[in-house]
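Taken together, the values in this text are just the output of simple stated rules run on the coordinates, not laboratory data. In this text the structure is predicted, and so the values were computed from the model without any measurement. We place every Cβ from the backbone using ideal geometry, glycine too, and count neighbours over all the protein chains shown.
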Amino acid sequence: MKRRDFVKASISATVVSVLTGGSFGARALAAGPVKVGVLIPLSGPAGLFGPSSRNCTQLAVDEINAAGGILGRQIEPIFADVGGPPADATQAALQLWKGDGAEAFIGMHDSAVRGALTNLFKGQVPYIYTPVYEGGECSAGTFVLGETPSQQLEPAIPWMASNKGASKWYLIGNDYNWPRDTNAAAKGYIAGTGGEVVGEEYLPFTVDNFDSNLAKIKDTGADAVLITLVGGASVGFNRAFASFGLADDVARLGTLIEENTLAGIGAENSVNLFSSAGYFASIDTPSARSFAEKYVAKFGADAAALNALGQSCYDGMLLLAVLAAKAGSLSAADMDAAADGTSYEGPRGGATMSDRHVSKDIYLAEADGAAFKVIATFADVGAGDNCA
Amino acid sequence: MELIATHGLNFLYAFATLALVVLGLAVVFGLLGVMNMAHGEFVMIGAYSALAVQQAGLPFLFAIPAAIAVCVVIGWLVEWGLVRHLYKRPFDTLLATWGLAILMREVVEAIFGREYQSVDQVLPGTFSLAGVEYPAYRVVLMGIIAVLFGALFAWYQRSNAGARVKAMVQNPALAAAMGIDTERLARWTFVFGVTTAGLAGVLLSPLVRVEPFMGLDYLLSSFFILVVGGLGSLEGLIVGSGVIGGTDIFLSALFDKTSGYLGVLTISIVFLWLRPNGIVSRL
Amino acid sequence: MALSLGYSAAIVVALAAVPFAWGSFTAFQLGLYLIYGIAAQGVALCWGRAGFLPLGQALFFGIGAYIVGAALKTGAGWAAFAPAIIAACVLPALLAGLVGLLVFNRQIGSGPYFSLITLALAMLGFQLANALDWLTGGFNGMTGIPGLPGIDPFGSYYFVIVAALVISTAVLALVASSPFGQLLSAVRDNEERLQFFGFATHRLKAASFAIAGAVAGLAGALYAPHQGIVTPQTVGFLLSAELVIWTAVGGRFGLLGPVAGAVLIGFMASGLRNSFAYWEIAIALVFIVVVLRLPAGLGGLAAGLLGRFVPARSQLVRERPQLVERSPDAGNCDLRFDAVHVRMGTVEILNGLEFTVDQPGVHCIIGPNGAGKTSALNALTGRLPVAHGDIVWRGRSLANTRPYLAARHRIGRKFQVPSVFADLSVGQNLDIALWSGRLAWFDYLSPAPFGWRTGALDDLRDRFGFLADETRRAGELSVGERQMLDFSMTMLAEPHLVLLDEPCAGLSPAETGAMIEAIAAISADTGLVTIIVEHDMAVVERLADRVIVMHQGEVLTAGAMDEVRADQRVQAVYAGGTK
């Protein structure tokens, strides 16, 4: 079937390596399925992304298994909830690792949990971290798929400047590492376009009233806002933003506004709202379309909406397969040695690993009612300096 | 100038909506002494009532009777099954309603899903007020709240209902001697309190995010408003909303939102410490 | 609840066997829950024992964790860990003690205000931990914290945790079974009465909060090397709430209940969360049922089922071998009300009250309702603010004093409604009265005071036979017995000025006779000043050496009973002024 072509292409390397792996492949086959721990939030505020993450993982597993599995062994995903604080996530991961015998991990969760996990794994087991994050992760055995601030902003800010006339930026985010690091990167790109930052503010997680920020945005005469608020805060801010009638005059760019957040913002509040990410459900390429069709075919039209975070789990599984194939083993050390230059094709387009991160295509989408429409594609954007 | 006027209107809006949200907790905590940790979840129930009405294709106003019906039923059941056993154990009501809050969140999630929902704007567009373009629905909402509280004040002054409820709940023997069924009175007081929370949820739903966890936003600030203002009086509620809303808006406007948040926490701590009976205290 | 050594040893052996029986992974998991359980033990001390609920205990946990985390990150190993773990206990203890002192000093009782303050402090702590990036690593946390040298976090570190649990349990058991622990129970039961025995209850509560803070800090200190990361969540509201939940479910009245609660809910959550979509509903339901049906938690249920409830040492029938000397008698006994004004709103309750007492003996204050008799006693003992004027006892001003200070000036007080420690046994009630003014700082944690008795106690036991059965709960006594217990306690504190408010109210004629006889005898024996507010003229006639008549917040007249009775103004007041 045609829609499977890209998977075949991406997995052929795996199969070939298994077939040519000789005695190694035979030994691996004898060892039964590869258990892969999949750490996704199923409870707590981020639990919103649990169902789509689980579905996307399952989709990848089915396809890889149909094509022969990893190193000739079938994949058996074991899901665990890491929606709680890091200590709970550590417990869950340890259970999968030492209790259930997971040989590799895929994680879609916040950076605090990542810190706890790299400390737990200490490079002894391969761990692929998939969501958007602030950059800088270089622990042994850890491979990062997610978009870094420089990846999202390096192309998006100049685009906003030249196409939307964005020159006076107001930066608003929640008060934690990711927004601060994102804005630090943003300032460089804004300066590069000749623009200026007219305001910068970080809000505690518990804040649900954005009126004073909106007054300041209006008062500073900002013509663009870079939003690094997360989840519910982003929804609340964008709703209030539109209700004040700011939407027509001030462009909004977010680096974590995905389909669920947009649904919460509401169609009538999404005018002039842009999002920069490595994936949107509406990317109009053959591989992305075929991925979305398969998703609906398998899980039904009512399944959890596709989004960048959930979809990243699919790519995580693909990356694991090609890394294992290239390294010829599931050992983290072998993968560390083989990682640079590993590449694969997925629904997001092509991706190539260097420095534990991937360069990949970045999409800029504009909200069109309650859906995103991709309006610009930036090919093969690098992840910036992460392991300096 | 326009900036100051905007901040002023923002203050009025924060003030009005805080008072609206806290009203139900003031009734339940102030009169019955029940620290209802599920207060925010009743606000959430109201917002989901509005969502359900929208999904059924009915006009927004239908959400009001829907929310009243749902909150009365849930409130009655909760009082009957949980709260009435715990009137003399304040810390236990706190714990039990915390469990209840988790339960309500999970049930709503099971019905509507975890995702963010959007209740359509009722009056899109802005309204020119004091030289500022201000969201029209907010202006109307402030009007509604002002009228509501005006009426409440008039009734409250005349009937002195709050003091009577409080006296009777605290002295069942006296109330029984006067032929009043205190259990029934307490039950309907509780139901009234949580229903006003539900109504607040309906009225706020076009403006805020709607999701199962939204109730937490309203819970803690409501407690702080009550203790700053003073328990058991409508004046206290108004003053508390003004102080907390004002502190937040003023510090946020002057510095940043974090200062506003820290200011609210600090002022709450200071009041809890130095003036636990609140600004409007009745000895 | 004190556990016998046998049970404790069995539990420790069972805990130590876990890694061998279920493997190091289960032990690692259990280790985290035991760490949480240690912090919850502190919550139980405050809530179950002293009666106030801390809602922000994670603040102290987090401070301990950040301190030890930062120390270990220096790479100095044990050299850094040893002082850090001490700091991780001491700093939270100081902070908790300070907060407790400041707050409890202004508020009697254990209402929700203190709880809300601690909650707000934890929220402040979270925001600071989140924002002070350079210090804490921000939201992403302080990462890469090394374990202790030579100790594998996934292996032998478990035994360090068990050892810490043993230590914290032993320390808290010592606290619970000490006079200090009994005083905390008394705070929970009847804080105001305890103040009238001269105990600064705000300091007792602050001390217990400080101990809870130290225990939480210790738990946090263990957490840092266990997890290798410390994030703001360890300071926040949710962990604080969970600590309370574990305590409630496990049982707040014991020491092992909170630990059991943390372990039970911990394993339940980790077992269910990946297999059962509605696990949070299940846990919420368990929690609600426990609160509704098992206020003492599973610990209380277990204790009841086993029928092995071992009462604390202080509750046992015990010998009182040590005869404590009577404290030296009063020098002078000069009491002066000097134009005292007390207002409540716009009403003048005391309107320039002026009288003097300079002789030992029984002084009765009489007067119609609303004359200000009880208010005069309240002003003297710091229960009512004095607007103008002064109250001088032995040359020292007591205007606007506080109850515990008045008690320390040897003023004893018995209220009209009997006020005893209803949840405590008769023996424990007597202990507290005996300890009034006698406990030196080292006595608070020593078992010795449980063995004290005085001549006065022997005398009172002779008079009131029911005092001999020390194991009865005071709440089970009849009204008359409670009056007599209250009176006995007041006298056991050996006051030099004793204020009795209608001591015979609610007594049968026989009991009234016994009470009058006791008052007369003790008053005559000890040469103290007794002021009695009384309506019953028969009692006044029998006891009074001098009568003070009050009317509308002032003294109408004073003198011997016969003189007063002959006074026309008094007759006028009594004829027209009372119901």
Discussion item. Straight-line reach from A:LYS168: which aspartates and glutamates fall under 18 Å, measuring Cα to Cα and dropping same-chain residues less than 8 apart?
Written reply: A:GLU154, A:GLU196, A:GLU200, A:GLU201, A:ASP219, A:ASP223, A:ASP248, A:ASP249
Worksheet entry | Relative contact order (%) - criterion: Cα under 8 Å, at least six apart; region: the range B:1-127 | 29
Worksheet, complete the sentence: Expected sort for C:LEU59, C:LEU102 with the fewest Cβ neighbours (10 Å cutoff) up front is C:LEU102, C:LEU59
Worksheet item: What is the sum of charges around C:VAL420, taking Lys and Arg as +1, Asp and Glu as -1, for the other residues whose C-beta is under 15 Å from the C-beta of C:VAL420?
Response: -4
Worksheet, complete the sentence: Here the tail fraction of P(r) beyond 20 Å, over all Cα-Cα pairs of the range B:119-204, rounds in percent to 55
Response to the item:
In whole angstrom, largest first, the equivalent ellipsoid semi-axes that the Cα gyration tensor gives for the range C:114-239 are 34, 22, 8
Discussion item. Suppose only helical runs count, i.e. DSSP H with n ≥ 4. What mean residue ellipticity at 222 nm does that imply for the protein assembly as shown under -39500 (n - 2.57) per run, divided by all residues and rounded to the nearest 500 deg cm²/dmol?
Written reply: -18000 deg cm²/dmol
Worksheet item: When you look at the Cβ of every residue in B:210-221, what mean number of other chain Cβ atoms sits within 10 Å?
Response: 4
Worksheet item: Which whole number gives the average, over all residues in A:239-252, of C-beta atoms from other chains lying within 10 Å of the residue C-beta?
Response: 3
Discussion item. If neighbour count is taken as other Cβ atoms inside 10 Å, put B:LEU86, C:LEU405 in order from fewest to most.
Written reply: C:LEU405, B:LEU86
Worksheet entry | Nearby lysines by direct alpha-carbon distance to C:LYS73 (threshold 21 angstrom, same-chain neighbours under 8 apart not counted) | A:LYS122
Worksheet item: Out of residues 5 or more away from C:VAL547 or on other chains, whose amide H comes under 5 Å of its own, with H placed 1.01 Å from N in the peptide plane?
Response: C:CYS364, C:GLY559, C:ALA560, C:MET561
Fill in: Net charge contributed by nearby residues that have their C-beta within less than 12 Å of A:ALA339 (K/R +1, D/E -1)
-2
Item to complete: Sort A:261-270, C:552-561 for me by packing, meaning the mean count of neighbouring Cβ atoms within 10 Å per residue, highest on top.
Response: A:261-270, C:552-561
Practice prompt. Determine the principal axes of the Cα atoms in chain B, then give the extent along each, sorted from largest to smallest and rounded to whole angstroms.
Written response: 60, 47, 34
Discussion item. Just to be sure I understand the curve: with the Debye formula and one point per C-alpha of the protein assembly as shown, what is log10 I(q)/I(0) at q = 0.07, 0.08 Å⁻¹?
Written reply: -0.78, -0.97
Worksheet entry | Computed lengthening from C:VAL166 to C:TYR7, 0.36 nm per intervening residue step minus Cα-Cα distance | 56.0 nm
Response to the item:
Checking rank on B:140-150, B:176-186, B:1-11, B:66-76, with mean other Cβ inside 10 Å and highest first, the result is B:66-76, B:1-11, B:140-150, B:176-186
Worksheet item: Considering only A:VAL125, C:LEU499, C:PHE28, whose Cα is most displaced toward the positive end of the charge dipole of the protein assembly as shown, charges sitting on Cβ of Lys, Arg (+1) and Asp, Glu (-1)?
Response: C:LEU499
Item to complete: Go ahead and run the numbers for FRET between C:GLU325 and B:ALA176, Cβ-Cβ distance against an R0 of 45 Å, rounding to 0.05.
Response: 0.25
Response to the item:
For B:LYS88, the lysines lying under 25 Å Cα to Cα, once residues fewer than eight places off in the same chain are dropped, come out as B:LYS166, C:LYS205
Practice prompt. Taking the Cβ of each residue in C:GLU511, C:GLU534 as the centre, tally the other Cβ atoms inside 10 Å and list the residues starting with the fewest.
Written response: C:GLU511, C:GLU534
Practice prompt. Using only the alpha carbons of chain A, determine the length spanned along each of the three principal axes and report them from longest to shortest in whole angstroms.
Written response: 70, 44, 40
Worksheet, complete the sentence: Note on chain B: helices (DSSP H) long enough, at least 20 Å by alpha carbon along their axis, and hydrophobic enough, mean Kyte-Doolittle at least 0.0, are B:2-25, B:39-55, B:63-81, B:90-112, B:136-159, B:182-204, B:215-229, B:234-254, B:257-274
Practice prompt. For helix C:179-195, report the angle its Cα long axis makes with the longest principal axis of the Cα atoms of chain C; keep it between 0 and 90° and round to the nearest 10°.
Written response: 50
Worksheet item: B:TRP76 versus B:ALA110, label points 7 Å from Cα toward the beta carbon: distance in nm?
Response: 2.2
Discussion item. Give me Rg/Rg_expected for the range C:5-237, where Rg uses Cα atoms only and Rg_expected = 2.2 N^0.38 Å with N residues.
Written reply: 1.04
Worksheet entry | Cα-based equivalent ellipsoid of chain C: semi-axis lengths in Å, sorted from largest, via gyration tensor | 54, 25, 20
Worksheet, complete the sentence: Dipole check, chain A, charges on Cβ (K,R +1; D,E -1), about Cα centroid: among A:ALA321, A:TYR176, A:HIS357 the Cα furthest to the positive pole belongs to A:ALA321
Discussion item. Please identify the DSSP H helices in chain A that span no less than 18 Å along the helix axis (Cα) and have a mean Kyte-Doolittle hydropathy of 0.0 or more.
Written reply: A:5-20, A:308-327
Worksheet, complete the sentence: Mean Cβ-within-10 Å packing, highest first, puts peptides C:61-69, C:495-503 in the order C:61-69, C:495-503
Worksheet item: Roughly how many nanometres apart are two label points built 7 Å out from the Cα toward the Cβ at A:ASP340 and C:ALA80?
Response: 3.1
Discussion item. Can you give me the distance in nm between label points at A:ALA292 and C:ASP462, each placed 7 Å from the Cα along the Cα-to-Cβ direction?
Written reply: 9.9
Item to complete: Can you tell me the equivalent ellipsoid semi-axes for the range A:149-277? Use √(5λ) from the Cα gyration tensor, largest first, whole Å.
Response: 20, 16, 15
Discussion item. If you restrict to DSSP beta bridges whose two residues both lie in the protein assembly as shown, what percentage is antiparallel, to the nearest 5?
Written reply: 45
Worksheet item: Hey, got the average number of other protein chain Cβ atoms within 10 angstrom for residues in B:109-116?
Response: 6
Worksheet item: Roughly speaking, what is the stretch gain from C:VAL417 to C:ALA524, that is 0.36 nm per residue apart minus the C-alpha to C-alpha distance, in nm to one decimal?
Response: 36.0 nm
